[in-house]
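Nothing in this text is a laboratory measurement; each read-out follows from the coordinates by a stated rule. As the structure is a prediction and not an experimental result, all values here were calculated from the model.
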Amino acid sequence: MDKKNLIEKINTHTKNNRISCKQALRIAEEEQVTPKVIGETLNEMKIKVVTCQLGCFP
């Protein structure tokens, strides 16, 4: 996993410092990382996950 590419991809799908749970999980699958890695990265970037489906991203 290249963290720089992951951050760029997250930024592409982020609007007003928010990203949907569905999109976050899709990025995790595409980048072959766990939802935990995405969650930690989103926390570092201060991006909030909205419309969370399973409570994966508190």
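Which number gives the lysine pairs in the chain that have C-alpha atoms under 17 Å apart and are eight or more places apart or on different chains? Qualifying lysine pairs in the chain: 14. The sum of -39500 (n - 2.57) across all DSSP H runs of n ≥ 4, divided by the residue count of the chain, sets its helix-only mean residue ellipticity at 222 nm to -16500 deg cm²/dmol. Taking every C-alpha pair closer than 8 Å and separated by at least 6 residues, the mean separation divided by the residue count of the chain gives a relative contact order of 40 percent. The structure-derived value of Kirkwood radius over Cα pairs in Å appears in the list [x] 12.6; [y] 12.3; [z] 11.0 under the label [z].
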